[in-house]
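The values are calculated or read from the model by the stated rules, or taken from the named source; none is laboratory data. From a predicted model like this one, the values you see are computed outputs, not experimental measurements. Cβ placement follows ideal geometry from the backbone for every residue including glycine, while neighbour counts extend to all protein chains displayed. These accessible areas exclude ligands, DNA and RNA; they are computed on the full protein's heavy atoms, side chains included. Shrake-Rupley method; radii C 1.70, N 1.55, O 1.52, S 1.80 Å.
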Amino acid sequence: MSDTTLPSQKNAFSFDPSTRAYLGAVTVFLSPLEGQYFLPDNVVEFAPPSGLAPNTSCRLNDAGDGWDVVPDFRRVMLYTKANATPVANTLQLGELPPQDVTAVPPAIFSDTVPRRNAWDEAANAWREIPDYSRHHVYDKATGEFVASPAPGAELPDTQTTQMPPPPQKYRAPQWNEASNTWDVVPDFRGVTYWLPDGSEHVVDELGVDLPPFATTEPPVPQDNAEA
């Protein structure tokens, strides 16, 4: 065969002798005497398919005359669907991840964000769901610490993750829904006071201050005062 119509070199395609995985293109050279290209070991002349889907590779078929497109998860991060934590990857070429494992990366949430990942098998994707298990939760009505909602449950309107300010003498936190924060308001609940007219009263509501000129000391009876 004349070599005048053939280029002096061209691409050929190498594969791993153990796994038969496609490795890449190599340059082979024309033999002027034989009129053909010299192919080293583990190299073939026919090109593999292009435009592969993610996590797939080409592998030389058993007959050695073509390429198969097979799963390839060997160098990807894997995550357990139960809780989105990474798992060791020991997959070989052509193997799919176990049913309870995925290569879809989950979202990353900081510790300040009350969210977590939940696997949606039907959508083959992660869903973002509420998770207040790592957060302190407080009752808006009392400011007391309460149990966190179960993972997946939204925070009730009656609760907040904002820590109330510490109570002080005759001062207590009160939730302000309009400003979405705690106010510090008067707290004379249970305190008995008297007005200048001698009438006796008891504070039973949070946020109510004592009236002007009120005293917490009972008035001295008039006969004792005259004595």
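May I ask you to list the residues in the stretch 15-33 that are farther than 22 Å from D62 by Cα, touching a strand residue (DSSP E or B) at 6+ places or on another chain (Cβ under 9 Å) and loosely packed, with under 15 Cβ neighbours inside 10 Å?
T27, F29, S31
Among the residues of the stretch 91-147, write down those that are open to solvent by 30 Å² or more (accessible area, probe 1.4 Å), among the hydrophobic types (A, V, I, L, M, F, W, C) and either within 30 Å of P167 (Cα to Cα) or assigned to a strand (DSSP E or B) (or both). Matches in the stretch 91-147: V113, W119, A125, W126, A141, F145, V146, A147. For the stretch 168-183, a residue qualifies if it is polar (S, T, N, Q) and part of a loop (DSSP other than H, G, I, E, B), and the qualifying residues are S179, N180.
As a summary of the residue check, G35 satisfies the conditions (1) in contact with a Cys (Cβ under 8 Å, 6 or more places away or on another chain); (2) modelled with pLDDT under 90; (3) of a type outside the set (A, V, I, L, M, F, W, C) except for the one numbered (1). Being among the aromatic types (F, W, Y) and exposed (fewer than 13 other Cβ atoms within 10 Å of the Cβ): is that true of F213 here? The answer is yes for F213.
No other residue among P7, P32, P48, P40 is more than 24 Å from A103 (Cα to Cα) and either of a type in the set (V, I, T) or within 39 Å of the chain's Cα centre (by Cα) (or both) apart from P48. Taken over the stretch 31-64, the criterion of being of a type in the set (D, E, K, R) and touching an Asp or Glu at 6+ places or on another chain (Cβ under 7 Å) is satisfied by R59 alone.
One residue stands out among those in the stretch 184-204 that are in a loop (DSSP other than H, G, I, E, B) and touching a Lys or Arg at 6+ places or on another chain (Cβ under 7 Å): the one that is least open to solvent (accessible area, probe 1.4 Å), which is V203. Does P219 qualify as being assigned to a loop (DSSP other than H, G, I, E, B) and either surrounded by 14 or more Cβ atoms within 10 Å (Cβ to Cβ) or polar (S, T, N, Q) (or both)? When the stated conditions are applied, P219 passes them.
Under the condition of being of a type in the set (A, V, I, L, M) and loosely packed, with under 14 Cβ neighbours inside 10 Å, the residues counted in the stretch 150-161 number 2. Assessment of the stretch 162-183 against the conditions (within 30 Å of P71 (Cα to Cα), exposed (fewer than 14 other Cβ atoms within 10 Å of the Cβ) and in contact with a strand residue (DSSP E or B) (Cβ under 7 Å, 6 or more places away or on another chain)) yields no matching residue. Residue check: is V70 surrounded by 15 or more Cβ atoms within 10 Å (Cβ to Cβ) and more than 30 Å from P98 (Cβ to Cβ)? No: the conditions fail for V70.
Selection of strands (runs of 3 or more DSSP E) fully inside the stretch 1-64 by the criterion of at least 3 residues being among the β-branched types (V, I, T) and free of Cβ contacts under 8 Å to residues at least 40 places away in the same chain returns 22-31.
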